[in-house]
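Asker: Take a look at the following structure, please.
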Amino acid sequence: MMLEAPLDLDSIDAVKFFDVLYDIFYDDFIANKTFLNDTIRIDPQSHKKEDGKELSFWHLTTRTQTHYKKEGNRIVANKERLLDFDRAKRIHWIKPIIDNASIAQNVKLFYRKETKGKKPIRLYLWVEDEDFVVILQKLGKSSSFLVTSFYITHQRKRDDFQKYYKAYIGKTNADLRGCEWF
């Protein structure tokens with residue numbers, strides 16, 4: 001599967017960034033339905049919004065940044081979501097990756113349980129040669145939602161994904177046996 005070039009965000013007026021990106025998200029996931037393997041709908045969860053846009057949109061275009069400041073004798077963490085250019089430039093990749101996940105040879109597909117305990121098992125669609133990953137979570141029998149997507153910028157993260165992929169393929173994690181939902 002060939003992906004288009006990342007978007008040129010330098011050509012977009014900064015005050016219009018999110019509107020331009022949202023138009024792509026809206027067209028791909030709201031105006032038109034997207035299906036994984038032609039059977040599992042990607043639900044944009046339009047009932048969950050912030051600033052008039054789906055929460056999943058914000059997770060596809062922004063990243064949590066933590067800033068620390070001193071307040072009296074304490075250090076307080078202030079978290080906010082800020083535009084992540086690497087994610088945002090690739091928002092138009094998400095739908096083609098999902099559409100072609102089961103047939104594209106360059107998409108490494110694997111399941112991963114996020115943490116120990118009752119956390120759900122998520123599906124990762126990793127386009128290794130583009131350093132980009134889409135993460136989905138199952139909602140019901142025939143739907144799922146976009147957890148996030150992001151551009152991989154650190155070798156440590158690439159190594160982690162390679163380890164997760166090998167663990168899934170090698171069936172070494174008992175939590176992942178029989179976990180497939182498509």
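Asker: For Asp131, what charge total do you get from the other residues with a beta carbon under 10 Å from its beta carbon, if Lys and Arg give +1 and Asp and Glu give -1?
Answerer: Taking every other residue near Asp131 into account, the sum is -1.
Asker: Next question. Between Thr148 and residues 5 or more places away or on another chain, which pairs have amide H atoms under 5 Å apart, with H built 1.01 Å from N, and which residues are they?
Answerer: Ile135
Asker: Alpha carbons only, please: Rg and Dmax for the range 15-170, in angstrom.
Answerer: Expressed in Å, the Cα Rg and Dmax of the range 15-170 come to 16.7, 57.
Asker: Apply the Karplus parameterisation 6.51 cos²θ - 1.76 cosθ + 1.60, with θ equal to phi minus 60°, to every residue of the range 31-47 and state each ³J(HN,Hα) to the nearest whole Hz, in sequence, with x for glycine and proline.
Answerer: Along the range 31-47, the couplings run 5, 10, 7, 10, 10, 8, 6, 6, 10, 10, 6, 8, 7, x, 6, 5, 6 Hz.
Asker: Please rank Trp58, Trp93, fewest neighbouring Cβ atoms within 10 Å first, as an exposure proxy.
Answerer: Ordered by Cβ neighbours within 10 Å, fewest first: Trp58, Trp93.
Asker: Among the listed pairs Lys95/Lys171; Lys119/Lys141; Lys16/Lys48; Lys16/Lys49, give every one whose C-alpha distance is greater than 24 Å.
Answerer: Lys95/Lys171
Asker: May I ask for the net charge around Ser143, where only other residues with Cβ less than 12 Å from the Cβ of Ser143 are counted and Lys, Arg are +1 while Asp, Glu are -1?
Answerer: Around Ser143, the charge tally is +3.
Throughout, read-outs are computed from the coordinates displayed, never taken from laboratory work. If you're wondering where the values come from, they're calculated on a predicted model, not measured in any experiment. Backbone-built Cβ (ideal geometry, glycine too); neighbour counts: all protein chains shown.
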